[in-house]
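The values are calculated or read from the model by the stated rules, or taken from the named source; none is laboratory data. Source: prediction; values computed, not measured. With ideal geometry, Cβ positions are generated from the backbone for all residues, glycine too; neighbour counts draw on all protein chains shown.
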């Protein structure tokens, strides 16, 4: 088969991808569709509703606190068969993609996905810190024929110069063992670290956690700063509570659930704080309190939190508590600024303006995820890429080419540049690459970027076919799939 005939389907694939998603979106011009991730507080290609909103007013920002579960268990389960699907734990950023064909035909399994709440069973060693939730998926005895994609949010500013990040798994004996480093080349597992989530391709289910070891003082742990408030038993006093939690949806969900039990109200949109591993403490202060209307009790407006308590992620995320007393019951409005800063580090200001009366208070809460009502999606509707188009892409890029393994180019154009030996061991490398794309884009469904990648590959091969045949050195893989 000549190269031109091999890539003839590519243009057709491109047209079908365009028509499929453009028509469904009601968009006629590609330039009008923007699939970029929201520049907020959540991962590339993941739940944008969790990101920071540039709200024009608080009413637009915050809607349904009821969407945050108060259950002590964060768990989802559903019955999956050969068609596969997607399972999520709502409002947590944790999800599991079961590819089409991963489960044998004429069989079905009840698959579960759960998050360990409160304190993890994993005890980090030395300078290690837990960067995200401890996540279990199962049943462990299920053998899948193609890797499933587990997505776990993390709070590290992932720079390999400052962090060494590793995946660990709990054994049947309850001990934790290292699976791999995210920078490691291995054929047993694959980890792709996006800015706010880690996507893991797994051949076996179990309990996993992401561990980070800072290798410089510039290592950054991303924290979400939130301020809650409520009237005290003494109707003249108003309590402010300041939290710094890991910048992951599940960590913040626990705070919201606890505050709801205490009658707390989120007073301002949470903000992101970059907390450095420089051993400097955190200071929390209340500023700009109206002097003739309110006073702070006790008579100090600044509290300091030790570095270790913040850095290692205390199971009690409440870091600052302030009691403000109004001089008169006639005072119903509170305006002040909460300043959270790390010494020799980052600072965030949260401007509070609220009514202390329940009837007048603006209902500021945390926004729910679009996955809240649908923890499980079964079959084709769980996938962004239509199956017919997916099959054409795989047929095109899995086929050997005189110019090299074309699935490698598909990986490169989708920002997958390392540990390609893992894909080389798969019966269809392109299918696994597309599964990883599905996991990364489960919320934005950015088919436009995929179509652009296919177009770019098509142009590259057209240019190469017009020029001289270059000699490409075949890359060496520890294992290579048969027939490639």
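Only residues that are loosely packed, with under 14 Cβ neighbours inside 10 Å, within 30 Å of residue 82 (Cβ to Cβ) and in contact with a strand residue (DSSP E or B) (Cβ under 9 Å, 6 or more places away or on another chain) were counted in the range 104-131, giving 2. The lone criterion from (1) in a loop (DSSP other than H, G, I, E, B); (2) at pLDDT below 90; (3) touching a strand residue (DSSP E or B) at 6+ places or on another chain (Cβ under 9 Å); (4) under 22 Å from residue 352 (Cβ atoms) left unmet by residue 299 is number (3). When the range 434-445 is filtered for residues that are assigned to a loop (DSSP other than H, G, I, E, B) and either over 20 Å from the mean Cα position of the chain (by Cα) or surrounded by 21 or more Cβ atoms within 10 Å (Cβ to Cβ) (or both), the ones remaining, listed by number, are 441, 442, 443.
Return yes or no: is residue 277 surrounded by 18 or more Cβ atoms within 10 Å (Cβ to Cβ), on the phi > 0 side of the Ramachandran plot and in contact (Cβ under 8 Å) with a residue 24 or more places away in the chain? Please lay out each step first, then the result.
Numbers: surrounded by 18 or more Cβ atoms within 10 Å (Cβ to Cβ): yes; on the phi > 0 side of the Ramachandran plot: no; in contact (Cβ under 8 Å) with a residue 24 or more places away in the chain: yes.
Spelling it out, it is not the case that residue 277 is surrounded by 18 or more Cβ atoms within 10 Å (Cβ to Cβ), on the phi > 0 side of the Ramachandran plot and in contact (Cβ under 8 Å) with a residue 24 or more places away in the chain.
Checking each residue in the range 421-433 for being touching a helix residue (DSSP H, G or I) at 6+ places or on another chain (Cβ under 6 Å) and part of a helix (DSSP H, G or I) picks out 423, 429, 430, 431, 432, 433. Of all residues in the range 212-227, none are at pLDDT below 90 and over 23 Å from residue 158 (Cβ atoms).
Kindly check whether there is at least one residue in the range 132-148 that is assigned to a strand (DSSP E or B) and either free of Cβ contacts under 8 Å to residues at least 12 places away in the same chain or over 26 Å from residue 256 (Cβ atoms) (or both). The answer is yes, given that some residue of the range 132-148 is assigned to a strand (DSSP E or B) and either free of Cβ contacts under 8 Å to residues at least 12 places away in the same chain or over 26 Å from residue 256 (Cβ atoms) (or both).
Residues are listed down the side, and each one gets a yes or a no for (1) out of contact with any helix residue (DSSP H, G or I) (no Cβ under 9 Å at 6 or more places or on another chain); (2) closer than 18 Å to residue 352 by Cα:
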residue	(1), (2)
261	yes, no
265	no, yes
271	yes, yes
317	no, no
322	yes, yes
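The criterion of at least 2 residues that are over 17 Å from residue 151 (Cβ atoms) and over 27 Å from the mean Cα position of the chain (by Cα) is met, among strands (runs of 3 or more DSSP E) falling completely within the range 186-294, by 220-231, 237-246, 282-287.
Annotation note: of 250, 198, the sole residue that is under 20 Å from residue 155 (Cα atoms), at pLDDT below 95 and crowded, with 20+ Cβ neighbours inside 10 Å is 250.
The lone criterion from (1) surrounded by fewer than 18 Cβ atoms within 10 Å (Cβ to Cβ); (2) assigned to a helix (DSSP H, G or I) left unmet by residue 310 is number (1).
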